Amino acid sequence: MSRGRLITIEGGEGAGKSTQVPLLVAALEGVGIRTLATREPGGSPGGEAIRRLLLEGEGERWDAASEALLLMAARRDHVAKLIEPALARGVWVVSDRFADSTLAYQGYGRGLAVADIAMLHRFGLGNFVPDLTVILDLPIEIGLARVSARASADRFERLDHAFHQRLRNGFREIAAAEPARYVLIDAAGEPEMVHRAILSAVMQRLRVSLKPAQK
Ligand code: Z5A
């Protein structure tokens, strides 16, 4: 049995990650690939407990370094308890956010050194990286307008315009630095168009044949 693949979907607020993950999972399952959807922070019971610490409370509850340490603890638990066992069973995993969110939010957004975040990653996960990372790219005004309809904003959604601009620039730089592992996708189109662009990237990079998920 061959090992599964890890695909991570990244991007800023309202980019459409949570909309796209189930569509990609359905397309993979449609051709008989066993697939698991998960998310960060969270995924495993320990990761979900840490997610509550991260998302609830006042904006200043955690400084950037504490936030990065909590995220890394959650990610290590997520990989050890859920992702790695699934990959070992031949199951593909699609994660709504993963390590690149820490680089973008805590690094580019909150000002931690990218080298420190890379060191933390090595400490927590060694050289474990996704097989493919899809970054959904969107002008921040569109993303924030999409999520503004929500009743309550979490700690991250209350961050200012300049933060979201640094985040978008950060994701674009991350994608440009390692084109073999990342694909940057224009997320401003209709969900169906974005879905097709993601499928095309997955087919090309991971050498599978897929059809769009049925609505
Ligand atoms: N965080 C961090 O700082 N560091 C880390 O390492 C990690 C995370 C892992 C998790 O929040 C927070 O944790 C996150 C970063 C931080 N910051 N925030 N906020 P979350 O998981 O609760 O939320 P999120 O990841 O940011 O997702 P989101 O805000 O829900 O956005 P989304 O998943 O990308 O979008 P969506 O839910 O699919 O769509 C949003 C709305 O737009 C919805 O009404 C859709 O119907 C609509 N939509 C989606 N696609 C389209 C298109 N193509 N056209 C029009 N409308 C659309």
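The values are calculated or read from the model by the stated rules, or taken from the named source; none is laboratory data. Everything numeric in this text was worked out from a predicted model, so none of it was measured. Positions of Cβ are generated from backbone atoms using ideal geometry, with glycine treated the same way; all protein chains shown enter the neighbour counts. For the accessible areas, the whole protein counts, side chains as well, though only heavy atoms, and no ligand, DNA or RNA atoms are used. Shrake-Rupley method; radii C 1.70, N 1.55, O 1.52, S 1.80 Å.
Within the range 1-22, restricting attention to residues that are open to solvent by 30 Å² or more (accessible area, probe 1.4 Å) and near the ligand (Cβ under 6 Å from one of its atoms), the residue that is farthest from Leu167 (Cα to Cα) is Thr19. Within the range 23-63, the set of residues being part of a helix (DSSP H, G or I) and within 13 Å of the ligand (Cβ to nearest atom) comprises Leu23, Leu24, Gly47, Glu48, Ile50, Arg51, Arg52, Leu53, Leu54, Leu55. When the range 182-205 is filtered for residues that are open to solvent by 30 Å² or more (accessible area, probe 1.4 Å) and either more than 15 Å from the ligand (Cβ to nearest atom) or at positive phi (or both), the ones remaining, listed by number, are Ser200, Met203, Gln204, Arg205.
Return the residue satisfying two criteria in turn: it lies in the range 54-93 and is open to solvent by 70 Å² or more (accessible area, probe 1.4 Å) and at pLDDT 95 or above, and of such residues it is farthest from Gly124 (Cα to Cα). The residue in question is Arg89.
In the range 101-138, the residue that is surrounded by the fewest Cβ atoms within 10 Å (Cβ to Cβ) out of those that are of a type outside the set (A, V, I, L, M, F, W, C) and within 26 Å of Met203 (Cα to Cα) is Asn127.
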